[in-house]
Amino acid sequence: MTTMSTERTALRSPSTVAGARQATRAFLEALGRPAIGREQADTVVLVVSELVTNALRHGGGAYTLRLSAHPSCIEVAVEDPSPRMPRMRAPDLVDGTGGFGWHMVDDLSLATVVTPGPGSGKTVRALLPR
């Protein structure tokens, strides 16, 4: 199977996370059927949504999203300008300030890797089953 990839860059706006989800769905649909099941596609979209939200909220307000299809997995890579690494934190059940996303991404992924950028920033990668 051929590796297919697409790239999307966006700045903070009300539709940035929605745009990332839409671009991800289009990428997955372009793979054809039965390249990825509906449940797996929904999981990829959810992970993209969480990683892009984290990049916008904690990573400086800009991101680059890269999606790649490999024979056994989909690779989601989100790059942002902040050198601050993601961290697990206890979910806030009282004030609703978050803490759920990184746990969810880590639990849904086959693997997660955070790579520091050459000057600053980082790339967060998640490998998801097809």
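Computed quantities for the displayed model
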{"item": "Members of the range 17-63 found to be hydroxyl-bearing (Ser, Thr, Tyr) and without any contact (Cβ under 8 Å) to a residue 40 or more places away in the chain, listed by number", "result": "Ser49"}
{"item": "So Ser120, is it surrounded by fewer than 16 Cβ atoms within 10 Å (Cβ to Cβ), among the polar types (S, T, N, Q), at pLDDT 85 or above and out of contact with any Leu (no Cβ under 9 Å at 6 or more places or on another chain)", "result": "yes"}
{"item": "Residues (modelled with pLDDT under 95 and more than 11 Å from Val105 (Cα to Cα)) located in the range 42-53", "result": "Val52, Thr53"}
{"item": "The lone exception for Gly96 - which of (1) modelled with pLDDT of 90 or more; (2) at positive phi; (3) small (Gly, Ala, Ser) it fails", "result": "(1)"}
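The values are calculated or read from the model by the stated rules, or taken from the named source; none is laboratory data. The structure displayed is predicted, hence computed values, not measured ones. Positions of Cβ are backbone-derived with ideal geometry, glycine not excepted, and every protein chain shown enters the neighbour counts.
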